[in-house]
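None of the figures in this text is laboratory data; all of them are computed from the coordinates on show. Just so we're clear, the structure is a prediction, and the values are computed from it rather than from any experiment. We place every Cβ from the backbone using ideal geometry, glycine too, and count neighbours over all the protein chains shown.
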Amino acid sequence: MPDISLLFVALVTANLCIKLWLNRRQANSVLRHQASVPNAFAGVINLGAHQKAAAYTCAKTRLNQWALLMDTFWLLILTLGGGINILYAFAVQISGNETGLITGLVFLMTLGLLSGLVDLPLSIYRQFNLEARFGFNRMTPRLFVTDLLRNAMVSLIIALPLLSLILWLLDLATPMSWLWAWLGWMAFNALLLFIYPVVIAPLFNKFTPMSDSAHKQKLDALLHRCGFSAAGLFVMDGSKRSAHANAYFTGFGKNRRIVLFDTLINQLSPEQLEAVLAHEIGHYQCKHLQKRLVLMALISAGLLWSLFQLLHAPWFYTALGVDVASPATALALFSLAMPLCLLPLTPLSNALSRKHEYEADAYAAQQSSAQELIDALITMYRENAATLTPDTLYSLFHDSHPPATLRIGHLQGQSGHHA
Ligand SMILES: [Zn+2]
């Protein structure tokens, strides 16, 4: 094995060890605190609910451990195990061409399909065993299969033009090609964000305007007060798949919308729901989506530039056990190996996201009520069986939202200023 391959193996091993270690820390932290409800939540969350959250979190970390081992195994099979060489030879046979766009596309699609199949057993287990055991699964096997097919179809429609463009530019490989690829990538993402709420999301869920109720009047008044178009509020039939409840803000321009899961509406009082809606409007008012897009633009410029540099570096292919240097194999190797190098950056991305959560919470405290948002969050932690005692380090790497205690503590600091 060339020395440079050993470096790759070392990188893979380091990644796996760090992730397994974080996972273990999370399970230990939850187990250590499961005997009693943390002081900040005593009286609002009972011991039974607290222990259900502990059991659920531990079950998830156990499954995650298997997923990590599987992913690592699959990565090594594909690279040093010669998997990519075999898949590329297969694509050459299908297309009857040693190189070229079609060969590249066939290769990447086969790779995507196989990777999806490798993930399948664990997703089936997750949905129909783990989620079901804790009372969260609402999916029928039939819906699971149609989701899978619909997902594959949508990914194919989205990926084909984008991959074709990038492969074509990689093939041209002029000094400025990476910049064109970046412009194409960004335009594509902006378009996707614009059409996602109205074209893609409705393929999977029904979105209906809020029906008349005690909730509706309160929410309309809030929307009016905050200058968010009332036409942009939708209820989603999340209960079709899961008992987990949530709310989110997405899209921009005339397609911007706030989505409340039907499960959430059933769990919260009108006052609590108003506070949650105010939080989502906060994301819109503070332009968080735009800020994330700018960050993504910077990161993807760096990544695409690196990809175009590695394209003609023989060591890149040798290190990863690949015989054929082509735009398609370069793209595949890059997307397989790059996440290994990006792991140290995930806490930074999560830190930005948490900052945005605090800002949206502060907006909600101002426009609605901090106390109602606290009550809503506690209900959501309880009903989703979310742990109140995550490990700090694990959380830095995995959680885009602040841990329960910190988030509630922040809001308590704000509830003094407002009624
Ligand atoms: Zn948020």
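Figures for the structure shown
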| item | result |
| --- | --- |
| Region 242-259 - phi-based ³J(HN,Hα) in whole Hz, Karplus 6.51/-1.76/1.60, Gly and Pro as x | 8, 7, 5, 10, 6, 8, 8, 10, 8, x, 9, x, 6, 9, 5, 8, 10, 10 |
| Signed unit charges on C-beta, dipole axis of the chain, positive-most listed residue Ile374, Leu310, Ala67 | Ile374 |
| Over the chain: helical MRE at 222 nm, DSSP H runs n ≥ 4 each giving -39500 (n - 2.57), nearest 500 | -23000 deg cm²/dmol |
| Net length gained if the chain between Ser239 and Lys254 were fully extended (0.36 nm per residue, minus Cα distance) | 2.7 nm |
| Between 0 and 90°, nearest 10: helix 177-195 axis offset from the chain longest Cα axis | 30 |
| Radius, Kirkwood style, for region 112-164 when every pair of distinct Cα atoms is counted (Å) | 12.4 |
| Percentage relative contact order, region 276-410, counting C-alpha pairs under 8 Å, at least six apart | 33 |
| Interatomic Cα distance distribution for region 1-157, bins of 10 angstrom, percent | 9, 23, 28, 22, 11, 4, 1 |
| Local net charge near Glu357, Cβ-Cβ under 15 Å (Lys/Arg +1, Asp/Glu -1) | +2 |
| Centre separation in Å (Cα based) which lies between region 1-57 and region 323-349 | 25 |
| Positive minus negative residues near Arg24 (Lys, Arg vs Asp, Glu; Cβ under 15 Å) | +4 |
| Distribution of pairwise C-alpha distances over the chain, 10 Å bins, in % | 4, 17, 27, 27, 16, 7, 1, 0 |
| Of all DSSP beta bridges in the chain, antiparallel share, percent nearest 5 | 65 |
| Ordering of 2-11, 259-268 by burial proxy (mean other Cβ atoms within 10 Å per residue, highest first) | 259-268, 2-11 |
| Among the listed pairs Lys60/Lys206; Lys19/Lys52; Lys218/Lys287; Lys206/Lys291; Lys206/Lys254, those beyond 26 Å (Cα-Cα) | Lys60/Lys206; Lys206/Lys291 |
| Distance in nm between pseudo-label sites at Gln412 and Val44 (7 Å out along the Cβ direction from Cα) | 0.9 |
| Net charge, Leu203 excluded, C-beta distance under 12 Å - Lys, Arg +1, Asp, Glu -1 | +1 |
